[in-house]
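Asks: Got a structure for you, written out below as structure tokens; questions coming shortly.
The values are calculated or read from the model by the stated rules, or taken from the named source; none is laboratory data. In this text, all values refer to a predicted model and were calculated from it rather than measured experimentally. FYI the Cβ positions are ideal-geometry reconstructions off the backbone, even for glycines, and counts take in every protein chain you see.
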Amino acid sequence: MTGATAARGGGAEPAGGPTGEKDHGIHLLQQMLRIRRFEERCAELYSHSLIRGFLHLDIGEEACAVGVIDTLSPDDAVVATYREHGHALARGISMRAAMAELEGKVEGCSRGRGGSMHLFDAATRFYGGNAIVGGGLPIAVGLALADHLQGRRVVTACFFGDGAVAEGEFHESMNLAALWHLPVLFCCENNLYAMGTALDRSESETDLSLKAASYRVPSWEVDGMDVLAVEDAARSAVETVRAGGGPHFLELRTYRFRAHSMYDPDRYRDKAEIEQWKQRDPIPLLAERLTASGVLTDGDLERIEGEVGAEVDDAVAFAEAGTYEATEDLERFVTSEPVRAGEAS
Amino acid sequence: MVTYREAMRQAIREALTRDDRAFLMGEDVGRYGGCYAVSLGLLEEFGPERIRDTPLSESAFVGAGIGAALNGMRPIVEIMTVNFSLLALDQIVNNAATLSYMSGGQFNVPLVIRMTTGAGRQLGAQHSHSLEGWYAHIPGLRALAPATLEDARGMLWPALQDPDPVIIFEHGTLYNIEGELADDAGPVDINTAAVRRPGDDVTIITYGGTMRTGLGAAEQLAGSGVSAEVIDLRCLRPLDTATIVSSVARTHRAVIVDEGWRTGSLAAEVSARIMEEVFYDLDAPVARVCSAEVPMPYAKHLEDAAIPQVADVVAAVQMLGG
């Protein structure tokens with residue numbers, strides 16, 4: 001067992017030790033930086049009214065999306081929440097398609113129909129972007145049921161927050177996945193607040209992995225600020241799930257550095273608490289570790305920042321050069337195209 | 001002779017036989033045989049993977065149906081009654097109906113949900129309501145109401161071929177109706193309304209459990225020299241406006257019979273479409289016969305008083321004069 005991870009409920013323990021080689025550590029760092037810089041730019045664009053609606057930033061929580069998704073294969077599926085920019089980018093949705101979506105352009109990954117909360121991408125099996133808390137869990141169970149029925153060795157990774165464990169859909173889905181032994185990796189990003197309601201004001205039992213374990217789902221508590229710890233736990237869990245080990249649950253203990261959304265004045269959190277968590281920012285945490293082990297140089301970091309900055313600039317330029325879908329197409333895709341089967345028969 | 005229940009069972013059997021991707025999932029569909037015995041015997045025939053008993057978790061198993069549909073399967077999800085479907089409303093309205101649109105057409109949900117609806121069996125206020133109109137309100141859903149043996153037998157297969165979610169409402173009083181069904185009965189159209197009885201003087205528009213009420217009224221009216229046309233809507237969304245308006249344009253009178261409550265009802269929508277399309281052809285205001293605006297009572301005489309009866313429809317037609 002690594003120092004950062006605790007297992008419960010009979011799951012195999014994650015492989016210990018940091019995941020190694022130079023390029024991989026740098027890859028993880030770059031993925032987290034892509035998300036961070038993308039979202040910082042989103043906040044700027046929001047203040048310029050180029051992005052509207054609700055915008056929920058993942059800043060501070062990047063290690064969760066990157067650490068888990070990096071262990072998935074292209075055939076696996078991802079179900080995420082409305083705070084999903086990081087998951088989308090980590091999964092391989094292009095920054096261009098994501099930014100265009102946020103700007104409501106037809107070049108966006110959901111043609112501008114979804115916006116920040118509803119990023120979708122069939123090519124990477126990214127099933128949204130679900131903005132009903134807990135609403136994605138039953139869908140993840142169903143995706144996994146289809147894989148089970150068709151004999152595919154595929155994992156569905158389902159992300160949700162601590163707020164979702166108060167929803168009935170969490171409990172129904174945990175039970176169903178365990179009862180039917182389905183290949184779902186439940187990833188609870190516990191950032192301690194359901195919007196503005198602290199976990200201990202929302203839950204009679206604040207140990208979330210205990211809830212999963214009560215459904216006989218092997219569950220692990222993981223330091224969600226440490227991408228290597230997340231990756232280790234996820235890799236082990238994904239392997240077990242893929243091998244037919246049934247659903248697993250990761251509680252990723254994390255923290256968002258920004259408010260819940262751009263509308264949130266953040267009155268419910270102690271500034272000292274926020275500052276304390278910022279000391280455990282996953283990006284410097286990894287960068288320092290890579291530097292200390294001689295894997296990362298200042299030059300590398302500068303190069304990565306340059307590449308990421310250029311990618312963000314390019315995404316913004318792409319989005320701004322994008323077009324708005326013709327309003328004549330407003331009703332397209334309410335139902336599938338081109339013809340409905342009933343009409344054809 | 002077959003019953004509506006048996007016709008529905010034949011349809012499920014056909015679906016599972018013809019399409020490996022199809023499976024039935026719901027509360028007590030397997031070992032118990034279905035709460036209305038629709039799926040009796042199918043577990044033995046198809047096994048527990050394809051006749052899948054679920055826990056009492058409507059939201060999770062409907063959502064699981066959506067996920068399985070997204071991922072290549074053709075699930076048939078059974079919900080015991082429309083009242084229980086409210087526990088899955090989030091999945092039906094927020095996910096099944098929206099995923100195609102929100103994803104810009106990248107994903108679709110070829111899911112069929114079957115549920116019992118309606119009153120008439122003294123089951124009280126939590127098993128007897130007619131909420132078809134709520135579902136018919138939702139873009140992205142197709143809503144069907146088989147009222148005949150042919151439709152019970154024939155709507156499921158085309159519903160499964162639909163790339164988008166379809167809800168089939170089976171009125172609880174219909175399961176025991178019996179009649180002849182052709183040996184080669186099979187898939188039917190799921191887009192149009194049907195004229196169940198032709199007539200010239202008034203159009204009675206109805207669906208599902210009250211379709212037979214409409215026919216009964218037409219029969220009585222014939223005895224007093226009034227020729228009533230009876231339209232069975234069959235598909236509640238999208239509504240086949242053309243069939244309705246072409247009939248009303250000819251008969252100049254319309255009575256809508258709907259077991260839903262009058263306020264904000266499907267009957268209100270049909271009425272509005274008649275006004276919009278053939279207002280100047282009307283000889284009388286459109287009339288509606290709906291359920292009384294009460295939670296459904298248990299006692300037989302009260303329940304009868306609450307839901308549309310043949311006499312109510314006859315009286316409504318007579319009120320139109322002419």
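Asks: Among the listed residues B:Leu56, B:Leu89, B:Leu70, B:Leu99, which satisfies the condition of being crowded, with 24+ Cβ neighbours inside 10 Å, within 24 Å of the chain's Cα centre (by Cα) and either without any contact (Cβ under 8 Å) to a residue 24 or more places away in the chain or in the same structural domain as B:Leu24 (by TED's automatic domain parsing) (or both)? Write out each step before concluding.
Replies: On the way: B:Leu56 fails: crowded, with 24+ Cβ neighbours inside 10 Å; B:Leu89 fails: crowded, with 24+ Cβ neighbours inside 10 Å; B:Leu70 fails: within 24 Å of the chain's Cα centre (by Cα).
After ruling out the rest, the residue left standing is B:Leu99.
Asks: Check B:Ile190 against each of (1) part of a strand (DSSP E or B); (2) within 14 Å of chain A (Cβ to nearest Cβ) and name the one condition it does not meet.
Replies: Condition (1) is where B:Ile190 drops out.
Asks: Out of the stretch A:148-174, which residues are facing another protein chain (nearest Cβ under 7 Å), assigned to a helix (DSSP H, G or I) and more than 12 Å from B:Ala64 (Cα to Cα)?
Replies: At the first step, the residues of the stretch A:148-174 found to be facing another protein chain (nearest Cβ under 7 Å) are A:149-150, A:168-169, A:172-173.
Now drop any that are not assigned to a helix (DSSP H, G or I), which leaves A:149, A:168-169, A:172-173.
Those that are facing another protein chain (nearest Cβ under 7 Å), assigned to a helix (DSSP H, G or I) and more than 12 Å from B:Ala64 (Cα to Cα): A:Leu149, A:Gly168.
Asks: Here are the criteria: (1) more than 14 Å from chain B (Cβ to nearest Cβ); (2) under 23 Å from A:Leu45 (Cα atoms); (3) at pLDDT 95 or above. Tell me which single one A:Glu251 does not satisfy.
Replies: (2)
Asks: Here is a follow-up. Would you mention how many residues in the stretch B:27-53 are of a type outside the set (Lys, Arg), surrounded by fewer than 22 Cβ atoms within 10 Å (Cβ to Cβ) and assigned to a loop (DSSP other than H, G, I, E, B)?
Replies: The first filter runs over the stretch B:27-53 and keeps only residues of a type outside the set (Lys, Arg), leaving B:27-30, B:32-49, B:51, B:53.
Now narrow it down to the ones that are surrounded by fewer than 22 Cβ atoms within 10 Å (Cβ to Cβ): B:27-28, B:32-33, B:35-37, B:40-49, B:53.
Add one more test, that the residue is assigned to a loop (DSSP other than H, G, I, E, B), and what stays is B:27-28, B:32-33, B:35-37, B:40-41, B:47-49.
So the answer is 12.
Asks: Further question on the same structure: Any residue that is buried (at least 24 other Cβ atoms within 10 Å of the Cβ) and under 13 Å from the mean Cα position of the chain (by Cα) - is there at least one of those in the stretch A:100-109?
Replies: There is no residue in the stretch A:100-109 that is buried (at least 24 other Cβ atoms within 10 Å of the Cβ) and under 13 Å from the mean Cα position of the chain (by Cα).
Asks: Is it fair to say A:Arg96 is under 16 Å from A:Ala319 (Cα atoms), modelled with pLDDT of 95 or more and surrounded by fewer than 23 Cβ atoms within 10 Å (Cβ to Cβ)? Walk me through it before giving the result.
Replies: On the way: under 16 Å from A:Ala319 (Cα atoms): yes; modelled with pLDDT of 95 or more: yes; surrounded by fewer than 23 Cβ atoms within 10 Å (Cβ to Cβ): yes.
Answer is yes for this residue.
Asks: Here's another thing I want to ask about it. Is it the case that A:Ala100 is of a type in the set (A, V, I, L, M, F, W, C) and assigned to a strand (DSSP E or B)? Step through it out loud before you land on a result.
Replies: Values: of a type in the set (A, V, I, L, M, F, W, C): yes; assigned to a strand (DSSP E or B): no.
No; evaluated as a whole, the condition is false for this residue.
Asks: Sticking with this structure for a sec: Residues to consider are A:Ala166, A:Ala100; find the one that is aliphatic (A, V, I, L, M) and touching a residue at least 60 places away in the same chain (Cβ under 8 Å). Before you say what the answer is, go through the steps one by one.
Replies: Numbers: A:Ala166 fails: touching a residue at least 60 places away in the same chain (Cβ under 8 Å).
So the residue among A:Ala166, A:Ala100 that is aliphatic (A, V, I, L, M) and touching a residue at least 60 places away in the same chain (Cβ under 8 Å) is A:Ala100.
Asks: Tell me, yes or no, whether the stretch A:180-200 has at least one residue that is outside any loop (DSSP other than H, G, I, E, B), within 9 Å of chain B (Cβ to nearest Cβ), at negative phi and at pLDDT 95 or above.
Replies: no
Asks: Same structure, new question: Looking only at residues in the stretch B:161-178 that are farther than 21 Å from B:Leu89 by Cα and under 17 Å from the mean Cα position of the chain (by Cα), which one is farthest from the other protein chains (Cβ to nearest Cβ)?
Replies: Within the stretch B:161-178, the first condition is being farther than 21 Å from B:Leu89 by Cα, and the residues that meet it are B:161, B:173-178.
Filter again for under 17 Å from the mean Cα position of the chain (by Cα), leaving B:173-177.
Details: B:Thr173: 26, B:Leu174: 22, B:Tyr175: 24, B:Asn176: 28, B:Ile177: 25 Å.
If we take residues in the stretch B:161-178 being farther than 21 Å from B:Leu89 by Cα and under 17 Å from the mean Cα position of the chain (by Cα), then B:Asn176 is farthest from the other protein chains (Cβ to nearest Cβ).
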